[in-house]
Amino acid sequence: MQDLSNIHENVIQLVNDTGKVSPILEISPDTGLFYRIRNAVNRGSDPGIPMYFDLRDSNDDPLPVGTSVRVEFESPGDEQRNIVSEVRDNIQPWLNLSIRDQQDEEYIDSVKVPLKGPALTVRDIDTMYVSIESSAAVDWDNSEFYLEGNAVTESPK
């Protein structure tokens, strides 16, 4: 599958609430399909989902290094989003590398966010979120985000 990006038809861009954990992307497959997001790709040696991003605020400044990032998941009937990945407590690797460099074999392990299990299945009734905690709000006019397509399989239910 091609990369899931912030402009993909099944991805909704959100603006985070500063100072608390909140989603910046909402991902849900089309009706009748599901996404299987694997915790490993054939690039690099560490587990995790490669996420390539350049997150910036409305002044076109990068979000602060202390911004944390995680993957969350919600099914119908859940009372709240569930954290399904490790929490990366800062975005230093993403700040130091261009998106092109983040995709390079040499650096890809530094921009992976490991899942808590071997894979995440997102049905058409579920929602996966990429969430952050930051003192600045994402401005999508100045930002980019890509989830490595080799980690995502789209299949019929």
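The values are calculated or read from the model by the stated rules, or taken from the named source; none is laboratory data. Every value quoted in this text rests on a predicted model; they were computed, and no experiment measured them. Note that we place each Cβ from the backbone using ideal geometry, even for glycine, and neighbour counts take in every protein chain shown.
When restricted to residues that are part of a loop (DSSP other than H, G, I, E, B) and either at pLDDT below 95 or among the hydroxyl-bearing types (Ser, Thr, Tyr) (or both), the range 107-116 contains 1.
Report whether or not Ala119 is among the small types (Gly, Ala, Ser), under 18 Å from Ala40 (Cβ atoms), touching a residue at least 24 places away in the same chain (Cβ under 8 Å) and surrounded by 21 or more Cβ atoms within 10 Å (Cβ to Cβ). So Ala119 fails the test. Selection of the range 21-33 for residues being farther than 16 Å from Ala151 by Cα, within 17 Å of the chain's Cα centre (by Cα) and part of a loop (DSSP other than H, G, I, E, B) yields only Val21. Checking every residue in the range 128-149 against the condition of being outside any loop (DSSP other than H, G, I, E, B), touching a residue at least 60 places away in the same chain (Cβ under 8 Å), out of contact with any strand residue (DSSP E or B) (no Cβ under 6 Å at 6 or more places or on another chain) and surrounded by 15 or more Cβ atoms within 10 Å (Cβ to Cβ) gives at least one match.
Of everything in the range 34-58 that is part of a loop (DSSP other than H, G, I, E, B) and within 12 Å of the chain's Cα centre (by Cα), the residue that is farthest from Ala151 (Cα to Cα) is Leu55. Scanning the range 60-88 for residues that are more than 15 Å from Glu133 (Cα to Cα), free of Cβ contacts under 8 Å to residues at least 60 places away in the same chain and not in a strand (DSSP E or B) returns Ser75, Pro76, Gly77, Asp78, Glu79, Gln80, Val84.
Residues in the range 89-106 that are within 17 Å of the chain's Cα centre (by Cα) and in a loop (DSSP other than H, G, I, E, B): Asp89, Asn90, Ile91, Leu97, Ser98, Gln103.
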